[in-house]
1. Identify the single condition in (1) surrounded by 14 or more Cβ atoms within 10 Å (Cβ to Cβ); (2) farther than 16 Å from Gly106 by Cβ; (3) not aromatic (Phe, Trp, Tyr) that Glu44 does not satisfy, given that it satisfies every other one.
2. Which of the residues that make up segment 77-103 are open to solvent by less than 40 Å² (accessible area, probe 1.4 Å) and under 13 Å from Cys22 (Cα atoms)?
3. Can you work out which of the residues in segment 19-32 that are open to solvent by less than 30 Å² (accessible area, probe 1.4 Å) and modelled with pLDDT of 95 or more is nearest to Tyr114 (Cα to Cα)?
4. Is it fair to say Lys99 is within 19 Å of Val5 (Cα to Cα), touching a Ser or Thr at 6+ places or on another chain (Cβ under 7 Å) and at pLDDT below 95?
5. For Thr90, indicate whether it is under 20 Å from Gly10 (Cα atoms), touching a residue at least 40 places away in the same chain (Cβ under 8 Å) and among the hydroxyl-bearing types (Ser, Thr, Tyr).
6. Could you list all residues from segment 51-74 that are of a type in the set (S, T, N, Q) and either loosely packed, with under 12 Cβ neighbours inside 10 Å or at pLDDT below 95 (or both)?
7. Can you find a residue that is closer than 20 Å to Leu11 by Cβ and either under 12 Å from the mean Cα position of the chain (by Cα) or not aromatic (Phe, Trp, Tyr) (or both) anywhere in segment 68-78?
8. Could we say that Gly35 is in contact with a strand residue (DSSP E or B) (Cβ under 7 Å, 6 or more places away or on another chain) and either open to solvent by less than 40 Å² (accessible area, probe 1.4 Å) or under 17 Å from Val5 (Cα atoms) (or both) here?
Amino acid sequence: QVQLVESGGGLVQPGGSLRLSCAASGSIFSTHNMGWYRQAPGKERELVATISRGGGTAYADSLKGRFTISRDNDNNKVYLQMNNLKPEDTAVYYCKAYKLGSDLWGQGTQVTVYS
């Protein structure tokens, strides 16, 4: 069954903003740390940001200051606010739930930044 569902991707011009959402089942959200990753065409999947169950966050160095990860524990959702988007941010963005011995991935949502 589908346990992680991303939404919020789309087309945006450089300098624009998008907010991605990832909805998780309650049993997953309460026991896993959460993260966002992305994969651009022809490139490997890379870390964007993570947030622990306790709310601690970490970011890829190159994205600090533009991207913000947050989680809504009441609604079992994790968000990625992306500001000042650039063409190089174009990628499929994936939500990940993880803990020791368990990695779960969503299906991904496409973000395209075009001029």
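1. (1)
2. Looking only at segment 77-103, we keep the residues that are open to solvent by less than 40 Å² (accessible area, probe 1.4 Å), and these are 78-80, 82, 85, 89-97, 102.
Correct list: Val78, Tyr79, Leu80, Tyr93, Tyr94, Cys95, Lys96, Ala97.
3. Within segment 19-32, the first condition is being open to solvent by less than 30 Å² (accessible area, probe 1.4 Å), and the residues that meet it are 20-22, 24, 28-29, 32.
Going one step further and asking which of them are modelled with pLDDT of 95 or more, we end up with 20-22.
Values: Leu20: 18, Ser21: 21, Cys22: 24 Å.
Within segment 19-32, the match that is nearest to Tyr114 (Cα to Cα) is Leu20.
4. yes
5. Values: under 20 Å from Gly10 (Cα atoms): yes; touching a residue at least 40 places away in the same chain (Cβ under 8 Å): yes; among the hydroxyl-bearing types (Ser, Thr, Tyr): yes.
Answer is yes for this residue.
6. Residues of segment 51-74 that are of a type in the set (S, T, N, Q), as a first pass: 52, 57, 62, 68, 70, 73.
Within segment 51-74, Ser62, Asn73 qualify.
7. Of all residues in segment 68-78, those closer than 20 Å to Leu11 by Cβ come to none.
No, segment 68-78 contains no residue that is closer than 20 Å to Leu11 by Cβ and either under 12 Å from the mean Cα position of the chain (by Cα) or not aromatic (Phe, Trp, Tyr) (or both).
8. Details: in contact with a strand residue (DSSP E or B) (Cβ under 7 Å, 6 or more places away or on another chain): yes; either open to solvent by less than 40 Å² (accessible area, probe 1.4 Å) or under 17 Å from Val5 (Cα atoms) (or both): yes.
Yes: the conditions hold for Gly35.
The values are calculated or read from the model by the stated rules, or taken from the named source; none is laboratory data. What you see is a predicted model; the values in this text were computed from it and never measured. We place every Cβ from the backbone using ideal geometry, glycine too, and count neighbours over all the protein chains shown. Areas reflect the complete protein model, heavy atoms only, side chains present, ligands, DNA and RNA absent. Shrake-Rupley method; radii C 1.70, N 1.55, O 1.52, S 1.80 Å.
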